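Enquirer: The structure is given below, and queries will be raised subsequently.
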Amino acid sequence: MHVRCQLLSRRIPAAGAVGRSAHQAQRTYATTAPTPAPAVKNPLQRRRGGDLGSHLPKNVIPKDAYIPAYPYGEHRLFKQANKGLYGEQMIRFGNNVSKETETKTRRKWQPNVLSKSLYSVALKKRIKLRITAKVLKTMDREGGLDEYLLKDNVARIKELGPMGWALRWTLMQKPEVIERLRADAAALGLDQATIDKQWPTPQMMAVRKAAEGTPGLESEEFLESEEQQMWAPEEADTPESPSLEIELLEKYEKGTAAFAANEYLKAVKAAQRYLTRGLVDSEEEGLKLAFIRAKERKEAAVSLKQKTYRRYKEAGLTVEDLQEIRNRFSLPNIKDYTAMKIAYNQRKRKEIEEAGSIEAWKAAARPDKQAAEATYAARVQAAGGEAAFRAAQKAEYAKVIAEAETASTNQTLDAERRRYLERAIHKADLAIKAKAAGGQDDYVESMLEDRRRTASASDGLRGIYEGSVQEKTARGDAWAALVNSSNKAASSQPRA
């Protein structure tokens with residue numbers, strides 16, 4: 001039997017057995033203080049609690065917030081760079097040249113794109129991004145995702161791209177980032193009024209909304225995403241709903257960008273035609289003439305389209321003919337107008353073959369065309385030949401350009417005509433500068449900046465919207481409506 005059992009049973013130990021007293025048999029317990037926790041936690045130890053998952057950018061960037069347009073536009077040649085941090089890297093093409101035979105083999109170089117989950121200190125989340133190895137190296141040198149996005153030099157803004165620009169804007173809505181920007185501005189010597197206006201704190205925004213009579217917002221997340229509006233004119237009327245204002249702004253931005261891009265392409269093509277025909281001496285004069293005659297060219301295009309559609313109708317094309325065209329060319333989804341155009345051209349080709357030549361077909365089927373050509377030939381002959389006719393046209397167009405350049409000081413012109421010429425020359429100057437710099441994208445950006453300045457000086461978004469709608473319904477220039485809405489007397493302007 002064990003010694004402890006012997007003591008508990010109060011038996012006399014057997015001879016030769018080693019025993020000990022009850023006091024010696026009791027178990028002793030440690031009374032020393034526990035080991036203190038380490039001052040620095042183990043970085044390899046897994047954290048508990050918090051947001052440990054990785055999030056896609058679309059789940060981090062607010063969907064209902066108005067984010068200013070990226071100043072350098074989207075990537076048009078390497079479009080996957082619009083959805084990641086590529087640092088202006090794109091696919092490149094070249095040749096492998098053999099050293100022995102000098103044989104060239106086409107090849108391409110693609111950027112080293114990685115899929116990484118990067119932690120944002122301000123957002124307290126891991127964001128899963130497509131990022132190149134070059135940008136990742138730069139990010140490690142800067143000190144993390146937040147430092148990379150918040151750097152404000154021109155080269156970094158160009159590297160960000162649309163996705164990085166949206167993430168940067170999201171970071172700049174956080175209170176801790178706002179405090180950091182305010183501290184940096186104060187260190188640069190900016191006055192407090194400018195700092196409060198440019199980087200207001202959430203408390204300032206809440207006080208401002210309460211002073212304007214806007215109902216308080218109790219959702220902190222909504223405040224963080226909506227409190228900093230990068231475009232907020234002081235003179236604008238208080239809208240009935242913030243979402244309505246955002247919707248209108250997005251509509252204006254998209255409409256203006258599309259209209260400006262189309263306008264620039266048409267003007268450049270028209271300027272090249274004028275220069276090829278010898279009607280102007282330079283491409284700059286061609287652009288000025290193109291913007292001055294934009295309304296005339298638009299009316300001529302509309303008239304030509306109407307005549308063409310009328311000709312298609314007079315051809316007697318039936319629904320069966322259009323369906324037969326769709327089946328023959330395997331184009332089931334084309335519109336009726338496109339099907340009518342194809343059917344008319346097929347019939348026209350057949351009639352030309354039957355007539356023997358296109359001149360004979362024109363004489364038989366298009367007498368109006370023959371009359372127009374005869375009228376033009378008579379005008380050329382009356383002018384003294386083709387060269388004299390072109391010279392007269394060139395002199396007339398030079399006079400129109402000179403009139404437009406001096407329209408701002410010419411009081412004899414009609415007010416509407418003067419405004420139209422001033423606007424045409426202004427657009428032509430923007431197009432000339434854009435063509436020398438970056439082309440269509442620069443012109444679109446210039447028009448957007450011009451629109452923002454016009455909107456900030458107007459009576460509010462509602463007046464601009466109504467004016468543009470009325471101008472569109474009257475078949476006018478929707479952009480001119482925005483300009484006309486700001487042409488007011490000095491007494492009616494807020495800061496006159």
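Enquirer: Testing Lys174 on (1) surrounded by fewer than 18 Cβ atoms within 10 Å (Cβ to Cβ); (2) at pLDDT 90 or above, one condition comes back false. Which one is that?
Expert: (1)
Enquirer: Next up: Has the range 296-314 got any residue that is small (Gly, Ala, Ser), over 31 Å from the mean Cα position of the chain (by Cα) and surrounded by 12 or more Cβ atoms within 10 Å (Cβ to Cβ)?
Expert: Taking every residue of the range 296-314 in turn, none turns out to be small (Gly, Ala, Ser), over 31 Å from the mean Cα position of the chain (by Cα) and surrounded by 12 or more Cβ atoms within 10 Å (Cβ to Cβ).
Enquirer: Assuming Arg451 fulfils every condition listed in (1) under 19 Å from Glu284 (Cβ atoms); (2) crowded, with 17+ Cβ neighbours inside 10 Å; (3) within 19 Å of the chain's Cα centre (by Cα) apart from one, which condition is it?
Expert: (1)
Enquirer: Now for a separate question. Is at least one residue of the range 395-416 in contact with a Phe, Trp or Tyr (Cβ under 8 Å, 6 or more places away or on another chain) and either of a type in the set (Lys, Arg) or within 21 Å of Asp450 (Cα to Cα) (or both)?
Expert: No, that holds for no residue.
Enquirer: Taking Lys269 as the residue in question, decide whether it is loosely packed, with under 13 Cβ neighbours inside 10 Å, at pLDDT below 85 and in a helix (DSSP H, G or I).
Expert: The answer is no for Lys269.
Matching residues to (1) under 30 Å from Gln440 (Cα atoms); (2) aliphatic (A, V, I, L, M); (3) part of a helix (DSSP H, G or I); (4) in the same structural domain as Ile432 (by TED's automatic domain parsing):
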| residue | (1), (2), (3), (4) |
| --- | --- |
| Gly255 | yes, no, yes, yes |
| Leu279 | yes, yes, no, yes |
| Tyr312 | no, no, yes, yes |
| Ser330 | no, no, no, yes |
| Lys341 | no, no, yes, yes |
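Enquirer: For the range 412-436, which residues satisfy the criterion of being of a type in the set (Val, Ile, Thr) and free of Cβ contacts under 8 Å to residues at least 12 places away in the same chain?
Expert: Thr412
Enquirer: Kindly indicate which of Ile425, Ile325, Ile334 is of a type in the set (Val, Ile, Thr), outside any helix (DSSP H, G or I) and either at pLDDT below 80 or surrounded by 14 or more Cβ atoms within 10 Å (Cβ to Cβ) (or both).
Expert: Ile334
Enquirer: Taking only pairs six or more apart or across chains, which ones have beta-carbon atoms under 9 Å, a first residue in the range 74-89 that is within 20 Å of Leu56 (Cα to Cα) and in the same structural domain as Gly161 (by TED's automatic domain parsing), and a second residue that is assigned to a loop (DSSP other than H, G, I, E, B) and of a type in the set (Val, Ile, Thr)?
Expert: As it stands, the answer is none, since no pair meets every condition given.
Enquirer: Please work out if Ala374 is part of a helix (DSSP H, G or I) and surrounded by 11 or more Cβ atoms within 10 Å (Cβ to Cβ).
Expert: Criteria not met by Ala374.
Enquirer: Just one of Val121, Val97, Val154 is surrounded by fewer than 15 Cβ atoms within 10 Å (Cβ to Cβ), among the β-branched types (Val, Ile, Thr) and closer than 30 Å to Met204 by Cα; which is it?
Expert: It is Val154.
Enquirer: Which of the residues belonging to the range 62-79 are more than 17 Å from Ile157 (Cα to Cα) and either touching a Leu at 6+ places or on another chain (Cβ under 7 Å) or at pLDDT 95 or above (or both)?
Expert: Once the filter is applied, which keeps residues that are more than 17 Å from Ile157 (Cα to Cα) and either touching a Leu at 6+ places or on another chain (Cβ under 7 Å) or at pLDDT 95 or above (or both), the range 62-79 yields only Tyr66.
The values are calculated or read from the model by the stated rules, or taken from the named source; none is laboratory data. What you see is a predicted model; the values in this text were computed from it and never measured. No Cβ is skipped: glycine too gets one built from the backbone with ideal geometry, and neighbour counts run over all protein chains shown.
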